[in-house]
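Report on the following structure.
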Amino acid sequence: MKESMIKSMIKSMIKKLEVIFPRVHAALRELIIYRTVLTASRKLLFHRKDLLVASSATTSRIANSSINDKELINRMILAYQRENQIDLGHSMWKGFFTEYHQPIHEALINKNEKIITDIFRNPGTSDLFYGFDILTKSYQFIFRKKRARELYAKVCLDGLVRFAESTGAFPVENPENIGIFKKKVPWKTEEVLAALDKTCIPFSMPNPFPDEYGLGSSRGVISYRVPQALYQAWRIKQLVGGTQNPRILEIGAGLGRTAFYAHELGIKDYTIVDLPISTMAQAYYLGRTLGNENIYLDGEQLSDNSNMVKIITPHTFFDENKKYDLILNVDSLSELDFSVAQAYWDKIKVSTNTFLSINHETNKFRVRDLLVEDLNSLIVNRGLYWMRRGYAEELIRIPAS
């Protein structure tokens, strides 16, 4: 029997279970997700699991009375009223919006301040971050198991070590040089952070949300996306190091962690363009971590926003006529409808001379497919992405027109 037929039969059985035995279906779904995440986590590791000395930790709850976010929430509601529609075409994000983001969209449209506040203060109780972060209701159950928490902490430490290797804080581990008589040196969180302090700067680890699992450290809980964002911000800094007051734009910014660390590295003029619902997550995270006064939301009237993180929607990006010193896209262009992604590339090539793409190549098309008509005029440096297996990092130089 063909593998495709077996998969089809399994899907059919699961759908029948959902109708007849909803509790059995839910338990089976959780088991499948749990096993999938565990298997994927092991495959993510660059270093030996037994040498990663990681302590699992979770962020604590913050008393609501101590959170001063009323002005930020009101700004977000107003921004969402101004721009909340986008054509998602035939992309996975259309399904994500319908299945996971619709209730949050409705709360923002209805200006329900209490519901909005509850969701954004405690995102793990909803699927607000579904599609770009693991702190979601759909995945929180995984961490009920100690085994999952411990493995996830090792994955986070592995990413931190990999970032340290990419900066030169540590030599790159060579599997050919590990023999039975070689001393096996364990990786310890505080030692890795200390090494990074000398090579880079003492990065902070803000934890504005409760119940976020990850690697315990003296600076806070480090989740999987943190080392990824550290590397991306460090890479940006390398590429624009000789430019005074560089202007950066990131397409599809997840939670906005890369913008946060770029800000710590002294890069203040930073723009994020993303789907309306994602911009709300970024606004809240960056408003809580960088400060309400350091972010600009699409449509706000402000004479000078150059030193702020500017969070805009695609309509604004396509309508504007600004130039950027570097445009970054990580893990998202190939998730869009092809025609939408092509429109982004057409806009990118007239908006910058340097485009950094970090994407996997297992979707229906890859970033390189967008460049076909322009390849002869581009300088493309292609290599493996330091931080994640199966991802290509492409630095694309675009000649001035």
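The values are calculated or read from the model by the stated rules, or taken from the named source; none is laboratory data. None of these values were measured; they are calculated from a predicted model. Here the Cβ positions follow ideal geometry from the backbone for every residue, glycine too, while neighbour counts run over all protein chains shown. Please note that ligands, DNA and RNA were not included when accessible areas were found on the heavy atoms of the full protein model with its side chains. Shrake-Rupley method; radii C 1.70, N 1.55, O 1.52, S 1.80 Å.
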**OP:** Any chance you could check the Cα centroid distance between the range 346-381 and the range 319-345 for me, in angstrom?
**Re:** 9 Å
Subject >> Whole-Hz ³J(HN,Hα) from phi, Karplus 6.51 cos²θ - 1.76 cosθ + 1.60, for the range 360-368, glycine and proline x >> reply: 7, 10, 10, 7, 5, 9, 10, 4, 4
**OP:** Run the numbers on the range 257-401 and let me know its relative contact order in percent, using alpha-carbon pairs under 8 Å that are six or more apart.
**Re:** 18 percent
Original post:
Computed from the mean reciprocal separation of all distinct C-alpha pairs, what Kirkwood hydrodynamic radius does the chain have, in Å?
Top reply: 22.6 Å
Original post:
Of the cross-linked pairs 154/347; 146/364; 154/322; 114/146; 198/268; 188/237, which ones have a Cα-Cα span greater than 32 Å in the structure shown?
Top reply: 154/347; 146/364; 154/322; 114/146
**OP:** Might you work out the accessible area of residue 111 for me, using a 1.4 Å probe with all protein chains in place, and round it to the nearest 10 Å²?
**Re:** 120 Å²
**OP:** Show which aspartates and glutamates lie in cross-link reach of residue 43 when reach means a straight Cα distance below 12 angstrom and same-chain residues fewer than eight apart are skipped.
**Re:** 158
Original post:
residue 118 accessible area, nearest 10 Å², 1.4 Å probe?
Top reply: 70 Å²
**OP:** Under a 10 Å cutoff between Cα atoms, tell me which one of 337, 269, 319 has the largest fluctuation in the Gaussian network model of the chain.
**Re:** 319
Subject >> DSSP-defined beta bridges in the chain - what % are antiparallel, rounded to 5 >> reply: 45 percent
Original post:
Which whole-number percentage describes the relative contact order of the range 57-148, with Cα contacts under 8 Å and a sequence gap of 6 or more?
Top reply: 20 percent
Original post:
If contacts are Cα pairs under 8 angstrom and at least 6 residues apart, what is the relative contact order of the chain in percent?
Top reply: 16 percent
Original post:
What is the set of long-range amide H partners of residue 354 at a cut-off below 5 Å, with H atoms built 1.01 Å from backbone N?
Top reply: 327, 398
Subject >> Amide hydrogen neighbours beyond the local backbone of residue 359, cut-off 5 Å, H modeled >> reply: 331, 392, 394
Subject >> In sequence order, calculated HN-Hα J values of the range 104-109 (Karplus, 6.51, -1.76, 1.60; Hz; x Gly/Pro) >> reply: 6, 4, 5, 5, 5, 5
Subject >> Prolate/oblate/rounded call for the range 88-151, Cα gyration tensor, a/c under 1.5 rounded >> reply: oblate
Subject >> Given charges at beta-carbon only (K, R positive; D, E negative), |dipole| of the chain in Debye >> reply: 1760 debye
Subject >> Amide H contacts under 5 Å for residue 271, placed H, 5+ residues apart >> reply: 248, 249, 250, 310
Subject >> Mean-position separation - Cα centroids, the range 69-108 and the range 147-161, in angstrom >> reply: 32 Å
Original post:
Rounded, prolate or oblate: which one fits the range 203-297, using the alpha carbon gyration tensor with axes a ≥ b ≥ c (rounded when a/c is under 1.5, else prolate when a/b beats b/c, else oblate)?
Top reply: oblate
Original post:
When the helices in the chain are scored as -39500 (n - 2.57) per DSSP H run of 4 or longer and the sum is shared across all residues, what 222 nm value do you end up with, to the nearest 500 deg cm²/dmol?
Top reply: -13000 deg cm²/dmol
Subject >> Cα-based reach from residue 137 at 16 Å (exclusive), listing aspartates and glutamates while leaving out same-chain residues under 8 positions away >> reply: 30, 99, 118, 127, 211, 212
Original post:
Say the dipole of the chain comes from +1 at the beta carbon of Lys and Arg and -1 at that of Asp and Glu; which of 134, 104, 54 then lies farthest toward its positive end?
Top reply: 54
